[in-house]
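Data block below; observations after.
The values are calculated or read from the model by the stated rules, or taken from the named source; none is laboratory data. These numbers come from a predicted model, not from an experiment. In this analysis, Cβ positions are derived from the backbone assuming ideal geometry, glycine residues included, and neighbour counts consider all displayed protein chains. Remember, those area values only see protein heavy atoms, side chains included, never the ligands or the DNA or RNA. Shrake-Rupley method; radii C 1.70, N 1.55, O 1.52, S 1.80 Å.
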Amino acid sequence: MNTTLPDALADLLDGLPQGRAAQAVERLIASYRGDTPTDAPVLRDRADVAAYAAYRMPATFEAVRSALAALRAAAPSWVPATHTDIGGGTGAASWAVADAWPDGGHRTTVLDWAEPALALGRELAAGADSAALRGARWQRARIGDAMRLEPADLITVSYVLKELDESDRTAVVGQAAAAGQAVLIVEPGTPDGYGRIIAARDLLIGAGLRVAAPCPHSERCPIVPGTDWCHFAARVSRSSLHRRVKGGSLPYEDEKFSYVAATRFPVAPAPARVTRRPQIRKGQVLLELCASDETLHRETISKRHGALYRAARDASWGDAWPPPPAD
């Protein structure tokens, strides 16, 4: 019987010794928060991989899916026929691509250097609703300068660059730019993560790609380095494992992420992007925007703007502004 990602992860979590899972998650969190890139897979065995998948796949999936929605909005008629997931591990980004284009019939290849991650990813995908996931290729590969990519319509690189040194980061982004018609790179929504995204963005533009999202343009980012960082948030349902490890009782959390999507084909970026949570005041909505004129500015939408005011009240952090016309 086919399953969704939450179903597959629930089954996986049911099979994990809970104390071991929580310990593995805490060790992995410490590793991922470290400042030194590793030259060996962080996920060492099935226990590590299972804990990581149950804990991190939902957040990675939601972040990538949110970024893909922005890419789709910029290129609504484009459908990838081939997809390569660099450093894809257990396949969260591939599940997001399958969700974004459920009828696309694309072929996915997942590359990672951790064989236990690939094995579990293959196992999770075997019962997926998506034919693309069930038929995905899971290949072991050294992620870095030695990697060789085949051409693909879409290349995703999610939560990978932090694990690499600067030379390998440059090589991975360069190879993705050369091989992909569209490239999506996602990193944690921290100042460091944003820094890696900006460096990748510069490399993609230098290789001839144009930015589709989140930026409204392909010129220099208007944020003054060190003063702020561009990031967004995706709502994630929290499993019992999340609550045990992090504490608290809320059924959800917000995954903060930074990203860039760039293409070799024509796109229509948003005229502006909402870069902070909208502030709703009496009769007003304050929107912090990054605009196509390469500026960051605040726009105040009041009741006198009519339909635009109603749209502003419904706007969310990360949305395009103004909203596209209704069909």
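Looking at Arg196, Arg210, which is the one that is over 22 Å from Trp138 (Cβ atoms), open to solvent by 20 Å² or more (accessible area, probe 1.4 Å) and in contact with a Leu (Cβ under 6 Å, 6 or more places away or on another chain)?
Going through Arg196, Arg210 in turn, just one is over 22 Å from Trp138 (Cβ atoms), open to solvent by 20 Å² or more (accessible area, probe 1.4 Å) and in contact with a Leu (Cβ under 6 Å, 6 or more places away or on another chain): Arg196.
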Practice task
Tell me, please, whether a residue that is touching a residue at least 12 places away in the same chain (Cβ under 8 Å), more than 24 Å from Ser237 (Cα to Cα), open to solvent by 20 Å² or more (accessible area, probe 1.4 Å) and in a loop (DSSP other than H, G, I, E, B) can be found in the stretch 66-79.
Solution key: yes
Completion exercise
Picked from the stretch 275-299 (must be among the basic types (Lys, Arg) and free of Cβ contacts under 8 Å to residues at least 24 places away in the same chain), the residue farthest from Phe232 (Cα to Cα) is Lys282
Exercise for the section: State whether one or more residues within the stretch 254-268 are within 28 Å of Arg210 (Cα to Cα), open to solvent by less than 70 Å² (accessible area, probe 1.4 Å), free of Cβ contacts under 8 Å to residues at least 40 places away in the same chain and assigned to a loop (DSSP other than H, G, I, E, B). Expected result: no
Practice task
Check the stretch 166-178 and report whether any residue there is open to solvent by less than 20 Å² (accessible area, probe 1.4 Å), in contact with an Asp or Glu (Cβ under 7 Å, 6 or more places away or on another chain) and within 21 Å of Arg72 (Cα to Cα).
Solution key: no
Practice task
Select from the stretch 80-121 the residues that are among the charged types (D, E, K, R) and in a helix (DSSP H, G or I) and write down the one among them that is nearest to the chain's Cα centre (by Cα).
Solution key: Asp99
Exercise for the section: Please work out which one of (1) under 20 Å from Asp7 (Cβ atoms); (2) touching a helix residue (DSSP H, G or I) at 6+ places or on another chain (Cβ under 9 Å) is the condition Arg122 fails and give its number. Expected result: (2)
